[in-house]
Structures are given as C-alpha cells and as structure tokens.
Amino acid sequence: MRHLLTALLLTVSAQAGAQFDRSSFRYNYAFLEDGLELVPLKGDYRVESIARGQYWTVTDPRWPVHHPGQPRTWTQCIKVNGAPLMVVEMPRVLGYPDNKLIVIRGADTMIVDLNLDGRMETLMLERTAKLGVPPRPPVLLPFRKGWFTNIDLVQEPSIIALTERFDALWAEQRSEVLAVYDTARHSFTLEMDGLRTGPLSINIDRDPNYGHHLLEFPTSGPGTRFELYLQDSIGVASEAMSLRVDMPVDGVTSKWVDITELPYGRYTAYLEWGAHESLFYLTFGW
C-alpha cells in the first residue's frame, strides 16, 4: 500500500542517471595571471556565480549585474610553479540561460559568461581523452578587467598553450590529483519553510570526479531510521529497499554513510520513528 500511495503522489518522473563523458556541461574553473607564463592568480580575490533568466522569455545576457552572486568555495589543487592552483567547483550549468562567474580583485572585476557552447564540451573531451577520467582538469581562464565569454577565452592561442602545459603537470602529478578528488561529502536538511506544500524534494549532485561519496543523514531524534527506495523511469518506487540507515540512539547525532555504490536516480525516502513516518524525495543526480 505504501508504494501504491507513493506512485499516486508523484508528479515528476525519475531523473535520468548521470552521464559524465558526454554533454555533462560541468566544469571547474581556475584563474591565472594574464600573460604568457603559467602563474596562478595572485593576491586576495573572490569568485561569485550568478544564474538568472527564463528560457521562455527573450533575455539579454549583458544585463547589468546589480547584485552580489553566490560565493563559490575553493579547492586547492596541484602546485604550479610552486604555488597551489585554487579551483572553483561549479555544479552543472542547467536551468538558467544566463550563467556567470564574477571575479573581484581589488578595484578590478571580471565577468565571464558560462555559455553552453558545444565547443566547450568538445575541448574538454579531447583533454580528458589524453589524461584519462576521472577527474576532469579545470578550465583555465586569464584574469582581466571586463566582460568575457568562456569559449572565447579558452580558444585564444596563448591560453591553449598554457592549458597544454598545465595538462602535462596534471598528468605528472597524478597521485596528488587523485588525493584532492578522493572523497566528497554531502549533507541535507529536512527543514521546510512555511510556504512549501507537499513532500520535500532534495537534490544532491554526486560529482563523478570524486572516488568516494559520503552522505550525512541529519539528526532526527531517538529511535529514528531512514529508508530509501529507488524509483523506476515512471516514478514508481521499488518494493526492495535500497538503503536503510539506523540513526544513533542518542537522537542528537548525525550519521555519515558511504553512498559511493548507491545508484544515481530519484528515491522515495522515509524518515521513520515508531509507528510514524515522513515522506520525502532524494535525488542523486549529475
């Protein structure tokens, strides 16, 4: 009965499994000093991202940027000429027609349009075919004051040459690269705002660059457990349980679980305590 009810509740079909080697449109970015030498960007700077617009309306990608973007975190990657390259990790560029990276250093600001030009994917496939995947190497961009497009920057002869030199270092320092991309940690919360109706839907992007993935199940009270059931292509949950997580008996401690081998897709999930349960949806996508 539970799974019949779940099937009736669903209005969205399962998300397709992740595809990494074709049309992933997901890149990490690293910024260099603008010049002919391979030098990581120096000084104090920050990077923000902006995603905006609607596909069903005509929008000008050069709208003024009047508000701060979402701060992006750094991952310290391999060393280049003795200095660590700092990489901005980005999710897939989906859902919005206007996606930008904003780099601010002192009084200078650089805006980079992250367009979905198919040539970006072709160039990345060519690089990774030589280097082996995972992980994908970062896209290298020179820091310049002004407004630019990613495909235009990476096709400059000087950037092509610097990228080839970087890829040689990436291959030479393979052990350091794999150490950086050893484990990714993900968390979620079941807290809801007062405006939401219906079951909570949670999306977690499991970056295939990483070798291992850990998911933190949130504190949920004493005697609680989580149960996950993988949905099929039309959104019907399997009768077989995919994962059960019994939470710590103290009721105030979260629990980390290795989900590396858990299939991508959309799951019907339950938080259970005693004879009660709460339904939500958990999607592992890419």
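The values are calculated or read from the model by the stated rules, or taken from the named source; none is laboratory data. Small disclaimer: the values here were computed from a predicted structure and weren't measured. So basically every Cβ, Gly included, is an ideal-geometry build from the backbone, and we count neighbours across all protein chains shown.
Residues of the stretch 209-234 that are farther than 17 Å from L279 by Cα and not in a loop (DSSP other than H, G, I, E, B): H212, H213, L214, L215, E216. Residue count for the stretch 125-160, restricted to those that are closer than 27 Å to R206 by Cα and either acidic (D, E) or not assigned by TED's automatic domain parsing to the domain that holds L41 (or both): 1.
Conditions tested, residue by residue: (1) at pLDDT 95 or above; (2) in contact with a helix residue (DSSP H, G or I) (Cβ under 9 Å, 6 or more places away or on another chain); (3) of a type in the set (G, A, S).
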{"position": "R105", "(1), (2), (3)": "yes, no, no"}
{"position": "L114", "(1), (2), (3)": "no, yes, no"}
{"position": "G118", "(1), (2), (3)": "no, no, yes"}
{"position": "T122", "(1), (2), (3)": "no, no, no"}
{"position": "E126", "(1), (2), (3)": "no, no, no"}
{"position": "F143", "(1), (2), (3)": "yes, no, no"}
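So is F280 over 30 Å from N28 (Cα atoms), among the aromatic types (F, W, Y) and surrounded by 14 or more Cβ atoms within 10 Å (Cβ to Cβ) or not? So F280 passes the test. Scanning the stretch 76-133 for residues that are farther than 24 Å from W147 by Cβ and assigned to a loop (DSSP other than H, G, I, E, B) returns N81, G82, G132, V133. Of all the numbered requirements in (1) in a helix (DSSP H, G or I); (2) touching a residue at least 24 places away in the same chain (Cβ under 8 Å), I202 misses one, and that requirement is (1).
Which residue, of P248, P218, P222, is of a type outside the set (A, V, I, L, M, F, W, C) and within 22 Å of the chain's Cα centre (by Cα)?
Details: P248 fails: within 22 Å of the chain's Cα centre (by Cα); P222 fails: within 22 Å of the chain's Cα centre (by Cα).
Only one candidate passes the filter, namely P218.
Results for (1) among the hydroxyl-bearing types (S, T, Y); (2) within 17 Å of L214 (Cα to Cα), shown as yes or no for each residue.
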residue	(1), (2)
A240	no, no
R244	no, yes
Y270	yes, no
T283	yes, yes
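One residue stands out in the stretch 113-170 among those that are under 14 Å from L36 (Cβ atoms) and of a type in the set (S, T, N, Q): the one that is surrounded by the most Cβ atoms within 10 Å (Cβ to Cβ), namely T163. The number of residues in the stretch 67-78 being more than 15 Å from the chain's Cα centre (by Cα), touching a residue at least 40 places away in the same chain (Cβ under 8 Å) and surrounded by fewer than 18 Cβ atoms within 10 Å (Cβ to Cβ) comes to 1. Taking the criterion of being exposed (fewer than 14 other Cβ atoms within 10 Å of the Cβ) and in contact with a Gly (Cβ under 7 Å, 6 or more places away or on another chain), the residues of the stretch 205-248 that qualify are G221, P222, G223.
Being at pLDDT below 95 and touching a strand residue (DSSP E or B) at 6+ places or on another chain (Cβ under 9 Å) narrows it down to one residue among D207, D193; which is it?
Numbers: D193 fails: touching a strand residue (DSSP E or B) at 6+ places or on another chain (Cβ under 9 Å).
That would be D207, the only listed residue that is at pLDDT below 95 and touching a strand residue (DSSP E or B) at 6+ places or on another chain (Cβ under 9 Å).
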